[in-house]
Amino acid sequence: MSASNTNDKATLAFSSLNLQQDLLKNLSTLGYEEMTPIQAMSLPEMLVGKDVIAQGKTGSGKTAAFGLALLEKLKVKRFRIQSMVLCPTRELADQVAKEIRKLARAVHNIKVLTLCGGTPFGPQIGSLEHGAHIIVGTPGRIEEHVIKGTLKLDDLNLLILDEADRMLEMGFEAALDNIIERTPLERQTLLFSATFPKQIQAISESIMTDPVMVKVSATEDQSNINQHFFHVEDDAHRFAALRLLLLDNPVESTAIFCNTKKETQAVCNALHDDGFSVLALHGDLEQRDRDQTLLRFANKSVAILVATDVAARGLDIDALDLVVNYHIAHDSEVHIHRIGRTGRAGAQGKAISLYSDKEAYKVGLIEDTLEQTIKPELLPSTDVLKNARHQAKMSTIQIDGGKKQKVRPGDILGALTAKSTNAKNTGAEISGKDIGKINVLDIKAYVAVDKKILKLALRKLTNGKMKGRSFKVRHLTV
Ligand code: AMP
């Protein structure tokens, strides 16, 4: 399929698609002016019912691409499970469900149900008994439901595999087989993947019919990312180099990618001991801790996140200032995917990659993919060691109350900005600009506040009332 049509303005308009008016109108209220390349290339094919394999990484607009195809196909009056999206992680499943709900806002009574591991099984059975149109979830848990018979897929006509490469990497192949076996043969199947290893090809051949391949060129959106490569001698030198580079680049949000969980934790610990504001994200951590880490990094109360590729899948941050490859990724496409997290939405991005002689061949592969020559640069001088470790601007306060307690973001904002009635405390007020992201989860809520008002904010939240009662609050330290 040619990519040339994506350059034509007329074909980028959502109105050129055969979509219901309600969906179209909602897109403009969401501010989606025109289709992203992956949407422009895949939607026309998906909307006529074809099986599609698409290269879609986070940030490309892939969720809206399959979300719109899904909603257009759905018969709302038929209250049966008609479509299912399988995702590698709970974070991604939550994001996908959120995006589908956003796209479905204009259509009444669409029920999206998420089924993921790491959450209790019982309530999910209850929700399934109530019925749904769309299921979004992770393969392990969905497999359990189909095997137990609590999830029946007889009416499914659209199956979507999101980030299929990661699902395979995480060992979900058998679970996928078990699930797909229980879906009707007469279905449409869409497969999204950032990379295309041979295994994906094999899977697509066995579960798809005559699929159309949609590939957005890997080099297409790299022009606004400045890549810098540094040669290191060994692992000790690698960490020393990382430290110098971080001190030389004191930015708000940096993601460092490691190839293993063990290394991720080790690098995080070493940076932490050196005074950096840093947290680790990898699969050995409890789901709850992973959620909290992502949230704290996204709300800017942690400056550096050290992560494995798999765990970073749920990272939905508009633009990272800097991406560091502590080791070169196993695969050039993974490299491109990693660095694509900086320089989003037209912003200038920066990526730093460290490599030793052993990894030089991987740099060669990246050169081939990018069609450019890579020259290693000189590391910053040790003068930068005198620099202060860049600290995050914000701090996160955890509140022991969430949706279940009917806490809303407005209540938190209200408690923080309430004028002090005590004459002694006048002048000790918090203005809206010192308050950052507010996340209200099921039984907890989190608010990011500027560090300089942290103590005052803790006092106001402890003494003030929300929903007529007081909640326990605490500062999450890094
Ligand atoms: P995704 O690649 O699916 O993670 O999407 C990245 C972000 O782009 C999400 O926040 C979407 O809401 C947003 N988005 C998706 N499609 C469009 C579009 N056509 N125009 C503007 N924003 C979009």
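The values are calculated or read from the model by the stated rules, or taken from the named source; none is laboratory data. In this text the structure is predicted, and so the values were computed from the model without any measurement. Cβ atoms come from the backbone with ideal geometry, glycine included; neighbour counts cover every protein chain shown.
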- Filter segment 252-306 for residues that are part of a helix (DSSP H, G or I) and over 19 Å from the mean Cα position of the chain (by Cα) and give the result. 262, 263, 265, 266, 267, 268, 269, 270, 271, 272, 273
- Message: Tally up the residues in segment 168-199 that are closer than 22 Å to residue 69 by Cα and not in a loop (DSSP other than H, G, I, E, B), please.
- Response: 9
- Message: What pairs come out if I take residues in segment 57-76 that are within 14 Å of residue 136 (Cβ to Cβ) and more than 9 Å from the ligand (Cβ to nearest atom) and pair them with residues that are small (Gly, Ala, Ser) and outside any loop (DSSP other than H, G, I, E, B) whose C-beta lies under 6 Å away, six or more apart or interchain?
- Response: 70/83
- Message: Give all pairs with beta carbons closer than 7 Å in which a residue from segment 27-39 that is assigned by TED's automatic domain parsing to the domain that holds residue 63 and at pLDDT 90 or above meets a residue that is of a type in the set (D, E, K, R) and near the ligand (Cβ under 6 Å from one of its atoms); count only pairs at least 6 apart in sequence or on separate chains.
- Response: 38/62
- Of the residues in segment 83-120, those that are assigned to a loop (DSSP other than H, G, I, E, B) and of a type in the set (S, T, N, Q) number 3
- Item | Every residue from segment 136-182 that is among the β-branched types (Val, Ile, Thr) and touching a residue at least 40 places away in the same chain (Cβ under 8 Å) | 136, 138, 142, 160, 179
- Output the residues belonging to segment 24-56 that are more than 8 Å from the ligand (Cβ to nearest atom), of a type in the set (Gly, Ala, Ser) and on the phi < 0 side of the Ramachandran plot. 28, 40, 42, 54
- Task: Hey, could you check segment 307-336 for residues that are outside any strand (DSSP E or B) and of a type in the set (Gly, Ala, Ser) and say which is farthest from residue 349 (Cα to Cα)?
- Result: 311
